[in-house]
Amino acid sequence: MRLSTRIAIVVGAVVPLLVAASGWVLVGLVGRDLLAQADQRLDARARSVATAARGVLLAESRGRPRGEHAHRRKLATAALDIGIRLIGPAGTATVTDGPQPGPAVHLPARAAHPVTVGGPGKTWRALSVAVTTGQPGVHGTLWMFSPEAASQAQIQLVRNRVLTVALLAAPASAATAWLLAAGAARPLRRLQQRTSGLDPRTSSARLEHTPTRITEVDELAHTLQTFLARYDEQAARTAEALATARSFSAAASHELRTPLTSMQTNLDILDSFQDLDPADRAETVDELRRGHARLLGLLVMLRALAQGDLVEADAFAPVDLADLADAAVSDLRRTHPGAEVTLDSAPGLTVHGWQPGLRSLLDNLLANSLAHGRSADGRARIAVGLRAAEDDGAPAAVLTVDDRGPGVVADQREAIFRRFHRRSDSPGSGLGLTLVAQQADLHRARLRVLDGPGGHGARFEVTFPLARPDGRGAPVPRHRSWLSDTASQGHEIPAARR
């Protein structure tokens, strides 16, 4: 059923009820007004005939028939269409004239204000006035009666007209409501026609909506546009996830082939040569352990890289870099007690970031310096710094990791961030610094490789934009396929290392 039809039915049902309810109130008000007018007329007439009633009682008490007759006629003339009943001192009706209830109708002892008397068939408004003459024993009561038939007839006429209007209002209001609702729903029908042909699975066409200044229609169009935009975003993220999964599979199969082949060769040696020299056997087992460690590290790194590619914006939250750096340095000191690691950090530096990704960035920078940044005496000396700064006029946090190793030549400061770039004697997987570059890009940070303090060793410097206290203006994470190809993303890989 169309919306306009529903509105017409509702209006066609509600309007007669409203008219009837309003008419009921109107009839009550009209009845009160007519009753008040009749009471005023009755009261005014009572005051005008009270003098004539007094003359009747005086003439009757003095035995003057002619004067009594004159006063009776004057009393009847003054009453006109109002019924009168004059009760004398003996309690009997001295004068009775005009429309009034019969003797069987009970009258109250006194009615200083108009009251209703009579039976179910006919009623009157009655008013009593005490008549005094100033002579002892000569007094009476004057009753005035006004029939309510005329007022009831007028009220019934109003009631009938209200009922007629209510019956006529049903079809008229329904038709009018249908016409108005049909016109008001026209923008909604146009919106439905535009959206009925949209299929996000088969077409890239999207809803184009011109504001109609009808709040509900414009809000519905905005909701549909938002839904389609989210659908496109989720479809893109799904495609990214599939590409990442394929890249993960291809990278894993390619990079695992060499260590697996080497491990298979070593296993064949152990199996074929039962009398193998103990030194050769120990060397072969050691190679198996190193191959196993490399395989495990490679799988862990690939998994972390895939997680960084698929992280969603709602995973980002305020992160205190000082606390994160302190935790990373403490863990490194505990696992490598022989390394000399210092930390100089400024408190209160908060960024809008993904906490696991930022911890991965720190851990991999420290692991890289631990593996490649040893001084000539073979000791690892690592200095971690965190300070506040400005980057392009905006507040920023600068994280530095310095070592005392051989440093990085200028022409290699880009290549080391590429996937699986590693030296032949490197114990790593070739993905640690790729993870660092991925997280820096994900957090819109600037990553550079510089010479270490005094020109010795290497310095990795990451400049993060600080989060605003109100949370507004937080950087939106980039969506990149670092697992599949870091060089094809239109991203200039920052200065590189080994």
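The values are calculated or read from the model by the stated rules, or taken from the named source; none is laboratory data. Being a predicted model, the structure only gives us computed values, none of them experimental. No Cβ is skipped: glycine too gets one built from the backbone with ideal geometry, and neighbour counts run over all protein chains shown. Keep in mind that these areas ignore ligands, DNA and RNA; they rest on the heavy atoms of the full protein, side chains included. Shrake-Rupley method; radii C 1.70, N 1.55, O 1.52, S 1.80 Å.
The set of residues in the range 285-317 that are at pLDDT 80 or above, open to solvent by less than 80 Å² (accessible area, probe 1.4 Å) and of a type outside the set (Phe, Trp, Tyr) comprises 285, 286, 288, 315, 317. Residues that are open to solvent by 40 Å² or more (accessible area, probe 1.4 Å) and touching a Ser or Thr at 6+ places or on another chain (Cβ under 8 Å) do occur in the range 355-374. Screening the candidates 406, 427 for the property of being surrounded by fewer than 22 Cβ atoms within 10 Å (Cβ to Cβ), at pLDDT 75 or above and part of a loop (DSSP other than H, G, I, E, B) yields one hit, 406. Within the set 175, 169, the sole residue that is touching a helix residue (DSSP H, G or I) at 6+ places or on another chain (Cβ under 9 Å), farther than 30 Å from residue 56 by Cα and either crowded, with 17+ Cβ neighbours inside 10 Å or not aliphatic (A, V, I, L, M) (or both) turns out to be 169.
Taking the range 318-345, which residues are open to solvent by less than 60 Å² (accessible area, probe 1.4 Å), assigned to a helix (DSSP H, G or I) and of a type in the set (S, T, N, Q)?
Of everything in the range 318-345, just one residue is open to solvent by less than 60 Å² (accessible area, probe 1.4 Å), assigned to a helix (DSSP H, G or I) and of a type in the set (S, T, N, Q), namely 330.
The number of residues in the range 114-135 that are modelled with pLDDT under 80, open to solvent by 30 Å² or more (accessible area, probe 1.4 Å) and more than 27 Å from residue 149 (Cα to Cα) comes to 2.
For the range 246-258, the count of residues that are modelled with pLDDT under 80, farther than 30 Å from residue 235 by Cβ, out of contact with any Ser or Thr (no Cβ under 9 Å at 6 or more places or on another chain) and surrounded by fewer than 11 Cβ atoms within 10 Å (Cβ to Cβ) is nonzero.
Take residue 352 and tell me if it is within 42 Å of the chain's Cα centre (by Cα) and touching a residue at least 12 places away in the same chain (Cβ under 8 Å). Yes, satisfied. Considering the conditions (1) acidic (Asp, Glu); (2) at pLDDT 80 or above; (3) farther than 28 Å from residue 160 by Cα, residue 97 is excluded by exactly one of them, (2). Taking the range 22-62 as the range and being under 14 Å from residue 88 (Cα atoms) and open to solvent by 40 Å² or more (accessible area, probe 1.4 Å) as the test, the residues that pass are 54, 60, 61, 62. Looking only at residues of the range 139-157 that are at pLDDT 80 or above and aliphatic (A, V, I, L, M), we find that the one that is most open to solvent (accessible area, probe 1.4 Å) is 157. With respect to (1) under 17 Å from residue 353 (Cβ atoms); (2) at pLDDT 85 or above; (3) not β-branched (Val, Ile, Thr), the lone exception for residue 473 is condition (2).
When you go through 114, 65 one by one, which is the residue that is touching a residue at least 24 places away in the same chain (Cβ under 8 Å) and touching a helix residue (DSSP H, G or I) at 6+ places or on another chain (Cβ under 9 Å)?
On the way: 65 fails: touching a residue at least 24 places away in the same chain (Cβ under 8 Å).
Being touching a residue at least 24 places away in the same chain (Cβ under 8 Å) and touching a helix residue (DSSP H, G or I) at 6+ places or on another chain (Cβ under 9 Å) holds for just one of 114, 65, which is 114.
Look at residue 18 and say whether it is within 53 Å of the chain's Cα centre (by Cα), open to solvent by 70 Å² or more (accessible area, probe 1.4 Å), over 30 Å from residue 187 (Cβ atoms) and of a type in the set (A, V, I, L, M, F, W, C). Here the answer is no, as residue 18 does not meet what is asked. Close Cβ contacts (under 7 Å, 6 or more residues apart or on different chains) running from residues in the range 214-239 that are within 14 Å of residue 195 (Cα to Cα) to residues that are exposed (fewer than 13 other Cβ atoms within 10 Å of the Cβ) comprise 218/211. Is there a residue in the range 382-400 that is over 41 Å from the mean Cα position of the chain (by Cα), at pLDDT below 90 and open to solvent by 30 Å² or more (accessible area, probe 1.4 Å)? No, because not a single residue in the range 382-400 is over 41 Å from the mean Cα position of the chain (by Cα), at pLDDT below 90 and open to solvent by 30 Å² or more (accessible area, probe 1.4 Å). Residues of the range 443-458 that are outside any helix (DSSP H, G or I) and open to solvent by 60 Å² or more (accessible area, probe 1.4 Å): 444, 446, 448, 451, 456.
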